[in-house]
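Bear in mind that the values in this text are calculations on the coordinates, not laboratory data. As the structure is a prediction and not an experimental result, all values here were calculated from the model.
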Amino acid sequence: MENQESVEVFTHQIRRRFVKNFLDMLILRSVEAQPTWGYDIIKKTEATYKVKLRHGALYPMLKKLETKGLIKSRKELQKGRVRKVYEITKTGKQFLRSCRDFLMQQASKHDVKGQE
């Protein structure tokens, strides 16, 4: 029983680190699937990774990604409410593809011994 609890604790820690360290990629993946708004990204992240994403982390990252040209936004009226909807750009897709390729290369390496 104790071993299972340890695994769950480690898994939760890894999820939190992943969300924190790869937030830009998670946002790009979310808006790549379909244009969306901030609150929806928070809910999807919470559902997928079981980690609560704070507004104070998300919105500065959205602004940073937009400044870099990786996403773009537009105001849209939905259900009588104006929302800022984000979508990935061509450059954002290229960046995300590069990230995926790099992570796949790292994950597929069998020998992690130091090279001399």
Summing -39500 (n - 2.57) over the DSSP H runs of n ≥ 4 in the chain and dividing by its residue number, what mean residue ellipticity at 222 nm do you reach, to the nearest 500 deg cm²/dmol?
-> -21000 deg cm²/dmol
In whole Å, what are the Cα extents of segment 24-78 along the three principal axes, biggest one first?
-> 28, 25, 20
For segment 60-66, in residue order, the Karplus 3J(HN,Hα) values (coefficients 6.51, -1.76, 1.60; θ = phi - 60°; whole Hz; Gly and Pro = x) are x, 5, 4, 4, 4, 5, 5
Which residue fluctuates the most in the chain, going by a Gaussian network model with Cα springs under 10 Å, if the choices are LEU77, LEU58, LEU26?
-> LEU77
Per-bin percent of Cα-Cα distances, the chain [10 Å] | 12, 36, 31, 15, 5, 1, 0
